[in-house]
1. Grab the Cα-Cα distance for Tyr47 and Ala89, subtract it from 0.36 nm times how many residues apart they are, and report the gain in nm with one decimal.
2. Work out how much length Gln29 to Arg56 would gain on full extension: take 0.36 nm times their residue separation and subtract the Cα-Cα distance, in nm to one decimal.
3. Over 21 Å, how big is the tail of the calculated P(r) for the range 1-92, in percent of all Cα pairs?
Amino acid sequence: NIAFTLPTHAETGLSVPATVSVPNSPMTQADHITSLHMFTELNPQPYVADYYLTPRCGKAEITTRIRLARSQFVYAGAIRSDGTAWITAFYITVNLGACAADIFLPDAAEAVRRRQLEGG
């Protein structure tokens, strides 16, 4: 199973600690975690992190800090060497988001999304 650790509450979304792991993975050549991923539903850029692992890593665990635009679900995924995938979600409450466009100019976030869809 995948383990995902985030605080339940963050005063600011500028730097939120996050850990994703698969504690029971043997990390052998025949059976290991090949990648760990994090993504969000409400950040302007939903893809937060991608980590690619090999058996030489010794354990399937990453710890990092992420930016969050606002209170939202954050998702973590793990891909095994046999191609199976696990995913989990965690809801975090953020008092002050990290994306200035969302904080000060609510319409600017929509403009950024439109530009991205238009390829600009």
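1. Between Tyr47 and Ala89, full extension yields an extra 13.7 nm.
2. Result for the pair: 8.8 nm of gain on full extension.
3. The answer is 29 percent, as a whole percent.
The numbers here are math on the coordinates, done by the rules we state, and not lab data. A quick note: this is a predicted structure, and the numbers were derived from the prediction, not measured.
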